[in-house]
Amino acid sequence: MFVPNSDHSNGSSIPLPITDTNSSTRSSEASPDAAGAAPGKWAAKLLRECAAAMSEKNSGKIHHLMWTLNELSSPYGDCDQKLAAYFLQALFCRATDSGHRCHRTLVAAAEKSHSFDSLRRLILKFQEVSPWTTFGHVASNGAVLEALDGAPAIHIIDISHTLCTQWPTLLETLAMRADETPRLRLTAVAATAAAKAAMKEIAPRMEKFARLMGVPFEFNVLAGLAHLGQLTKEVLAVHDGEAVAVNCVGALRRVDVGERENFIRMIKTLTPKVVTVVEEEADFAGDDFPKCFEECLRFNSAYFDMLEDSFGTTSNEKLMLERECSRSIVRVLACTDDLDGDGDCERRERAIQWSERLRGSGFSTVGFSDDVVDDVKALLKRYRDGWSLVKPGDDDDGIGGDRSAAPPPGIFLAWKDEPVVWASVWKP
């Protein structure tokens, strides 16, 4: 059996070239002759062939293609070399049934090297160079503020993985209201070990900022959950007289696929005035490996291309984000939905699928106002060329799903015309 070389010095177990780990001497310009593909496109071609061989259980072809990919790949090279390295790792894990073990090793290595300060710098730098997360923040904050305008007491239930980075802007806006500043209660759900640890640092910072803004503020952290499915109305402690908003940013995909309708119905029991949903536009939920692989390759190709254009060549932040992405690729392609019960299943679905789940659970859509859309467009102008806002139903919007069906609601962030993030607003 083919066994890829690994760079154990960085704890990543990433396949590296057998002959030379210096990517500068093995550029993708030399790759096409060996790979039989056009310059700049060889990784996707070889990876598709390898995935197809795995589906066909063609061991000879698998061995040959993995050897070729290993020769050409590097996590320190260009986009093609990185895609080849990280996807080869996932395919090898799938072939050897070692996905769970590999993922645990990658997560443990990341946790040892990450501190709260390094994580905070990473998030802020990512928001500085890319609207990947700030797009959802601006859209969701605008919808929440409009839906709860005039409410004297607001309770925002934040079920997300953004570590409260979207709320300082909302606090500033509340402080500038002409009428009386409302009381704000923020409940942050920390469903992972990393989030629980980070909240110890975040809580006093949020409280200090609210005092500075003059906003009456109560901050609660809900930790100790094994998974998001344990959330209930009683646990969230909604008070009478509060106008409730539920903010789900990258949260729904962290619920086990079989429990998603139940989770959405639980949100409905809170009787929220508004529910904001932001998810990455990809479908990793099915059991069809070729389809899942193709979708994973499409989505991550856009993501790696975005990182390459947004960060400097030697950026440590870019390397951290790429390694985080590599863990996700292993998880999607080489692990089951419920990985050690840690509530982080990574089974994304597309907007049209989420919309069907939400409507089926008794929610109706609320369109973004022109003011919110204008705010999002203004945000995108702060970043480099390549970003755009897409409204479903526009000609050639590039949004997947059944084109004969009604388009999903909401708005999309697109990178080079490829929709990558979806934002929407709902009410019971």
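The values are calculated or read from the model by the stated rules, or taken from the named source; none is laboratory data. Everything quoted here is computed from the prediction, not taken from an experiment. Because the Cβ atoms are built from the backbone with ideal geometry, glycine has one as well, and the counts that use them run over all protein chains shown.
In the same structural domain as Gly229 (by TED's automatic domain parsing), assigned to a helix (DSSP H, G or I) and buried (at least 16 other Cβ atoms within 10 Å of the Cβ): does that describe Val372? Quick ask: steps written out before the conclusion?
Values: in the same structural domain as Gly229 (by TED's automatic domain parsing): yes; assigned to a helix (DSSP H, G or I): yes; buried (at least 16 other Cβ atoms within 10 Å of the Cβ): yes.
It is true that Val372 is in the same structural domain as Gly229 (by TED's automatic domain parsing), assigned to a helix (DSSP H, G or I) and buried (at least 16 other Cβ atoms within 10 Å of the Cβ).
Tell me, yes or no, whether segment 251-258 has at least one residue that is closer than 25 Å to Asp78 by Cβ, surrounded by fewer than 19 Cβ atoms within 10 Å (Cβ to Cβ) and touching an Asp or Glu at 6+ places or on another chain (Cβ under 8 Å).
So in segment 251-258, the residues closer than 25 Å to Asp78 by Cβ come out as none.
The answer is no, given that none of the residues of segment 251-258 is closer than 25 Å to Asp78 by Cβ, surrounded by fewer than 19 Cβ atoms within 10 Å (Cβ to Cβ) and touching an Asp or Glu at 6+ places or on another chain (Cβ under 8 Å).
Could you tell me whether any residue of segment 229-252 is of a type in the set (Asp, Glu) and farther than 30 Å from Ala153 by Cα?
No, the conditions are met nowhere in segment 229-252.
Could you please let me know if Arg94 is in a helix (DSSP H, G or I) and touching a residue at least 24 places away in the same chain (Cβ under 8 Å)?
Considered against the rule, which asks whether it is in a helix (DSSP H, G or I) and touching a residue at least 24 places away in the same chain (Cβ under 8 Å), Arg94 comes out as yes.
On the given criteria, is Gly241 without any contact (Cβ under 8 Å) to a residue 60 or more places away in the chain and in a loop (DSSP other than H, G, I, E, B)?
no
Quick check on my filter: what residues within segment 153-196 are crowded, with 16+ Cβ neighbours inside 10 Å, touching a residue at least 40 places away in the same chain (Cβ under 8 Å) and small (Gly, Ala, Ser)?
Within segment 153-196, Ala153, Ser160, Ala191, Ala194 qualify.
For segment 201-230, enumerate the residues that are over 23 Å from the mean Cα position of the chain (by Cα), within 15 Å of Thr187 (Cα to Cα) and not in a helix (DSSP H, G or I).
If the condition is that a residue be over 23 Å from the mean Cα position of the chain (by Cα), within 15 Å of Thr187 (Cα to Cα) and not in a helix (DSSP H, G or I), then Pro216, Phe217, Glu218, Phe219, Asn220 are the ones that fit.
Considering only residues of segment 311-337 that are in contact with a Lys or Arg (Cβ under 7 Å, 6 or more places away or on another chain) and in a helix (DSSP H, G or I), which is farthest from Leu88 (Cα to Cα)?
Of everything passing the filter in segment 311-337, Glu317 is farthest from Leu88 (Cα to Cα).
Select from segment 37-82 the residues that are in a loop (DSSP other than H, G, I, E, B) and surrounded by fewer than 16 Cβ atoms within 10 Å (Cβ to Cβ) and list them in ascending order.
Within segment 37-82, the subset in a loop (DSSP other than H, G, I, E, B) is 37-41, 57-58, 73-78.
Answer for segment 37-82, where residues must be in a loop (DSSP other than H, G, I, E, B) and surrounded by fewer than 16 Cβ atoms within 10 Å (Cβ to Cβ): Ala38, Pro39, Gly40, Lys41, Lys57, Asn58.
Just to be sure, is Arg265 within 26 Å of Asn141 (Cβ to Cβ) and buried (at least 16 other Cβ atoms within 10 Å of the Cβ)? Step through it out loud before you land on a result.
Numbers: within 26 Å of Asn141 (Cβ to Cβ): yes; buried (at least 16 other Cβ atoms within 10 Å of the Cβ): no.
Here the answer is no, as Arg265 does not meet what is asked.
Collect the residues in segment 238-267 that are more than 17 Å from Arg347 (Cβ to Cβ) and among the hydrophobic types (A, V, I, L, M, F, W, C), keeping them in residue-number order. If you could, list the steps in order and put the result at the bottom.
Of all residues in segment 238-267, those more than 17 Å from Arg347 (Cβ to Cβ) come to 238-247, 265-267.
Val238, Ala243, Val244, Ala245, Val246, Met266, Ile267 - these are the residues of segment 238-267 that are more than 17 Å from Arg347 (Cβ to Cβ) and among the hydrophobic types (A, V, I, L, M, F, W, C).
Looking for something within 17 Å of Ser130 (Cα to Cα), at pLDDT below 95, assigned by TED's automatic domain parsing to the domain that holds Lys45 and out of contact with any strand residue (DSSP E or B) (no Cβ under 7 Å at 6 or more places or on another chain) - is there at least one such residue anywhere in segment 325-343?
yes
Which of (1) surrounded by 15 or more Cβ atoms within 10 Å (Cβ to Cβ); (2) farther than 27 Å from Gln81 by Cα does Ser326 not meet, given it meets every other one?
Status for Ser326: all satisfied but (2).
Have a look at Thr271, Thr192 and point out the one that is among the hydroxyl-bearing types (Ser, Thr, Tyr), closer than 30 Å to Glu349 by Cα, under 21 Å from the mean Cα position of the chain (by Cα) and assigned by TED's automatic domain parsing to the domain that holds Trp354.
Of Thr271, Thr192, the one residue that is among the hydroxyl-bearing types (Ser, Thr, Tyr), closer than 30 Å to Glu349 by Cα, under 21 Å from the mean Cα position of the chain (by Cα) and assigned by TED's automatic domain parsing to the domain that holds Trp354 is Thr192.
Being surrounded by fewer than 19 Cβ atoms within 10 Å (Cβ to Cβ) and not in a loop (DSSP other than H, G, I, E, B), is that true of even one residue in segment 273-289?
Yes, that holds for at least one residue.
Say we look at segment 55-86 and pick out the residues that are out of contact with any helix residue (DSSP H, G or I) (no Cβ under 6 Å at 6 or more places or on another chain) and aliphatic (A, V, I, L, M); which of these is nearest to Glu322 (Cα to Cα)?
Here the answer is Ala85.
Would you mention how many residues in segment 165-183 are touching a strand residue (DSSP E or B) at 6+ places or on another chain (Cβ under 6 Å) and either within 25 Å of Gln230 (Cβ to Cβ) or basic (Lys, Arg) (or both)? Quick ask: steps written out before the conclusion?
Residues of segment 165-183 touching a strand residue (DSSP E or B) at 6+ places or on another chain (Cβ under 6 Å): 182-183.
The next check asks that each one be either within 25 Å of Gln230 (Cβ to Cβ) or basic (Lys, Arg) (or both); those that pass are 183.
Result for segment 165-183: 1.
Only one of Ala237, Ala245 is of a type in the set (Gly, Ala, Ser), crowded, with 22+ Cβ neighbours inside 10 Å, more than 23 Å from Ala84 (Cβ to Cβ) and assigned by TED's automatic domain parsing to the domain that holds Ala198; which?
Ala245
Name the residue, out of Glu294, Glu261, that is part of a helix (DSSP H, G or I) and more than 18 Å from Ala334 (Cβ to Cβ).
Residue meeting the stated conditions: Glu261.
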